[in-house]
Amino acid sequence: MNAGQYRTLRGFLLEVAVDTGIPTAGYYLLRAFGVGMLPALLATVAFTAALIAYRMVVRRRVDKLALTVLGILLVSTALSFLTGSVRFMFAKNTIFPALIGAGFLISARGDRPAALVVSRPLLEGLFGARQHSWDDLWRDDARFRRIWRVSTVIQGSACVADAVARFVLAYTLPVDLVPGLSMAQRIAIVPLVLLITNVYQTRAGLWRILYRGRPTLSGTP
């Protein structure tokens with residue numbers, strides 16, 4: 001991994017830590033000072049929304065994904081405020097992983113599986129094109145295509161399972177336990193899914209294909 005890729009990965013992990021840790025810590029701090037559950041949650045949502053808007057202003061780029069997240073936050077917060085339901089505020093956190101999971105699963109049978117799209121910039125930089133580009137490998141190597149489709153299904157299924165688990169937590173656990181457990185789940189799910197994906201890819205021979213860069217010229221899967 002070169003310095004630029006390392007900085008990109010470090011920046012991504014830092015953003016995840018900020019997006020997850022600060023709102024959760026802020027919620028418990030406000031609760032410790034006697035702030036009600038719904039106002040404390042509204043404060044964390046306001047922080048997250050402001051952070052998303054700040055990043056778009058600083059980067060001078062309209063991020064469609066960030067706008068989607070912001071829209072979900074605002075709509076769900078408005079509904080929570082109207083209904084007075086604290087648990088609905090927690091349940092809203094299932095919407096985004098469910099949408100991501102559905103998008104991954106839908107893309108798995110297409111020409112651009114989401115796992116391939118997400119992983120290619122990093123892995124192509126590590127392995128280079130070798131004798132053939134990734135486009136050549138995708139066109140000519142059925143095993144390469146299958147690996148990325150299965151990887152996409154693994155990651156998409158994990159996102160859907162994460163959403164279901166968050167929904168169950170939101171409506172079954174004591175309310176004040178939900179933010180902390182949701183944060184722990186979010187921190188745990190990413191490395192676990194990456195580990196499962198990498199074990200599968202190793203056993204399926206992805207790294208040998210990338211290092212060799214020589215398609216097998218097999219037919220379509």
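Any read-out appearing in this document is the output of simple, stated calculations on the displayed coordinates, not a laboratory observation. Not measured: the values here are computed from a predicted model. When we count neighbours, we look across all protein chains shown, and the Cβ atoms used for this are built from the backbone with ideal geometry, even at glycine.
Positive end of the dipole of segment 135-180 (Cβ unit charges, origin at the Cα centre): among 147, 161, 171, the Cα lying farthest that way belongs to 147.
Rounded to the nearest 0.05, what FRET efficiency is calculated for residue 168 and residue 54 with R0 set to 35 Å and r the Cβ-Cβ distance? Let's see the in-between values first.
Values: r = 33 Å, r/R0 = 0.94.
Step by step, r from the Cβ atoms, then E = 0.60.
Between residue 122 and residue 79, the simple spin-label model (points 7 angstrom out along Cα→Cβ) gives 3.2 nm. Using the average count of surrounding beta-carbon atoms within 10 Å as a protection proxy, the listed peptides 177-187, 141-151 rank, highest first, as 141-151, 177-187.
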